[in-house]
1. Pairs under 9 Å by beta carbon, first residue touching a residue at least 12 places away in the same chain (Cβ under 8 Å) and crowded, with 20+ Cβ neighbours inside 10 Å in region 157-170, partner in a loop (DSSP other than H, G, I, E, B) and among the hydrophobic types (A, V, I, L, M, F, W, C), six or more apart or different chains?
2. Kindly indicate which of Leu118, Leu132, Leu106, Leu92 is part of a loop (DSSP other than H, G, I, E, B) and of a type in the set (A, V, I, L, M).
3. Conditions first: (1) over 22 Å from Val477 (Cβ atoms); (2) outside any helix (DSSP H, G or I). Arg382 passes all but one, so which condition is the exception?
4. Tell me the residue from Phe372, Phe333 that is open to solvent by less than 30 Å² (accessible area, probe 1.4 Å) and over 19 Å from Asp439 (Cβ atoms), please.
5. Going through region 27-51 one residue at a time, which ones are in contact with a strand residue (DSSP E or B) (Cβ under 7 Å, 6 or more places away or on another chain) and open to solvent by less than 40 Å² (accessible area, probe 1.4 Å)?
6. Looking only at region 353-364, decide whether some residue is at pLDDT below 70 and of a type in the set (Phe, Trp, Tyr).
7. Report, by residue number, each residue of region 650-662 that is modelled with pLDDT of 80 or more and buried (at least 19 other Cβ atoms within 10 Å of the Cβ).
8. Output the number of the condition that Ala323 fails; it satisfies all remaining conditions of (1) part of a helix (DSSP H, G or I); (2) at pLDDT below 90; (3) not acidic (Asp, Glu).
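The values are calculated or read from the model by the stated rules, or taken from the named source; none is laboratory data. Please read these numbers as outputs of a predicted model, since none were measured by experiment. All Cβ positions, glycine included, derive from the backbone under ideal geometry; neighbour counts span all protein chains shown. What goes into the accessible areas is simple: the full protein's heavy atoms, side chains included, and nothing from ligands, DNA or RNA. Shrake-Rupley method; radii C 1.70, N 1.55, O 1.52, S 1.80 Å.
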Amino acid sequence: MAVRSFQARLLYLLIAVLVLLEAGTLVSVYLAGQRTLRRTVADELRVGALVLNRILDTRAQQLADSARVMALDFAFRDAVASGDMPTITSALLNHSKRVGTDTVFLIGLDGVVMADTLHGRLTGKRFPFPALLKMAEEGGEASATVSFQERPYQFAIVPVLGPRPIAWVGAGFEIDDRVLQDVERLTSLDVSLRGASAANDEAYASLPQHLPTGDGSRVDVLLRRSLEEARKPFVTLQLQIVALSSLILLAAVVAAVIFARSVSRPLHVLAEGAGRIGRGDYVSPIVVEQQDEIGQLAAAFNQMQSAIAAREDQITHQSTHDALTGLPNRTLFFDRVTQSIATSKRTGASVGMIMMDVDRFKEINDTLGHHFGDQLLIEIGRRLEQTLRTSDTVARLGGDEFAIKFTTPSVERAMEIAQRVGTAFDAPFVLGDVAIDVDASLGIALYPAHAEDADTLMKRADIAMYDAKKSLSSVAVYEAGRDEHSLRRLSLMMELRQAIGRDELELHFQPKIDVRTEHVVHAEALVRWKHALHGIMRPDEFIPLAEQSGNIGLITKWVLRKAIQQCAAWNRTGLDICIAVNLSALDLFDSELPTFISGLLSEAGLPPTRLMLEITESAVMQDTAYALKILSDLKSRGIGLAIDDFGTGYSSLGHLKRLPVDELKIDKSFVLNLSESSTDDLMIVRSTIELGHNMGLVVIAEGVETLEAWRILKRLGCDLAQGYFMSPPLPAAQFQEWFGTSKWGSGRPARQPPGV
């Protein structure tokens, strides 16, 4: 074969193309392997950190349980009560050997170590961790990580009761190589107690973990993954791909040589066929009579042509349909509405649209999992299709939002269709072993009554849907003028950021009354917006807007600063009272919030125990692990925590039990109409009070507006009450005046609330 012949040049071209394709493939495989390696190593390190935290939590619980068993032993308590030091020392040593703790202390109520298992090195001295002892005194018992003898320890302190506390038993485990080896066995990571600077070894991927401590010391654990070990499977795979690619390339070169020798004859036919494919003709086949490689190539072209046509059909379907439910997506739905409006202009029929949003879908998704939420959306789509006519269009626009397009002669007929759509939610949705009742909010808009084009029709159906959701009705029809309401919301969102700078926000304070003593112990700070145009606006009018616009952090910090300053000022003037502040769900994602609050308390000279932060159940459920981290940080700083609006969320008792909270606040929806005749509310309130007390929490009822409700709460043993029966929220000056004249305040200093 001549070097400059057409066949030779074609062969060289084919070989060059094949080499470039193979090289591109190998580079892509290598880059993809590197990305996968980084993601895999990062995931292993994150899982290792979770395993480490879980092991430490389990050890802390075991340590507290073992100390509690010893503290409850009758003979030991008798020895402590009688001051029998030999018996006490022997008991401490025996318990330490039996349980396997590294050290055990007996601490007097004055904070002095009475006996220890360290050969008396600390006996007669002050317990080295007074902050941990103070936590135990305030909470009944305590556990934390501390730095003891220049090594990290887990300590737990429990009381010795007789029946009142007569001493404290403290037990400690060293966080040593045994603990780290447990993590290594479970995760295949290298785990060590080192500083974060050790993470710079290029042979390892590292993740420093700063363990929270109870004494302010710094305990760092370094999780490391050998990159060489992690890379081995990828290297093996890459070598296999290189070998396989080389073989494929060699086979392709051989095929190219054979192809080049016989290509001249059918080349024109193939070129024409390729041109047709390039022009988008996927129907006309390439006809080559030969049965050799050229014939196979022609057949391959035909197969490729069919595959491209199938993929284009698939891509077109995917671009116009929802991947989860298979329903039309927003693009296709908009196109069909546009077409229906165009047809309606000729026929005179009305085009109806229903926008539908699943109520509380986010809570369902967060509680039962995304897989359950996906299955629920699929089932909703299936029921909607069964409910409507084949000429109607059901689409999923995204998230939990669906849309329905239909033709209708009147608004009344559209309402009938919406009611038929609502029947899809009459029966519970049974998915696996879970049956759940689901509701939806529907908004109706019609062409040409409410809009002249598809885009406006969708917007106004959406406005009607939000009207239905806000009014707690299942269906709403668009009303003229509602667009102005949406513009008002947008305007308020834009003005909200400047409201703080223009000094338009102010705090009102509502007292919380100790039901037993009928005396004020708390004041809840409630923000108001003094809008120049709309007057005094309550939080439920603008806080959701602040969350949507990202301004909630600014408002929260403003409220915290003002509330803490006001409480400190009251305390200095003799009004000895605690302050409560609400946190938004988004505030729990601010990792700097605990440090910010501590700075405010220090600046104002207010003890952390005088601050109570209220968090709703749903806020915690958005990201339980991260929220628990922030709440634990706040709790470790001595700040009180309360679950607000309890009973309206989806949190389980398992989640509630893990939260480091002090108070449980019954939602006002159960208290507003509380009476002896309201059996359902009465049962819920009684059960919640008993649940809170069994969990060692202070229980607050908000929304107390009648004397009867007050008396019922007093009879049921509720700890605190809040509501208009005692006082509405008042500005600071009026609150102080009310405190001095009301029977609830009587001009006397308020005592420290229970549980804080």
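1. Sorted first by the residue in region 157-170, then by its partner, the pairs are Ile157/Phe127; Ile157/Phe129; Ala167/Leu109; Trp168/Leu109; Trp168/Phe127; Gly170/Phe127; Gly170/Phe129.
2. Sole residue among the options that is part of a loop (DSSP other than H, G, I, E, B) and of a type in the set (A, V, I, L, M): Leu118.
3. Failed condition: (2).
4. Phe333
5. Answer for region 27-51, where residues must be in contact with a strand residue (DSSP E or B) (Cβ under 7 Å, 6 or more places away or on another chain) and open to solvent by less than 40 Å² (accessible area, probe 1.4 Å): Val41, Leu45, Gly48, Ala49.
6. No, region 353-364 contains no residue that is at pLDDT below 70 and of a type in the set (Phe, Trp, Tyr).
7. Within region 650-662, Leu659, Val661, Asp662 meet the criteria.
8. Condition not satisfied by Ala323: (1).
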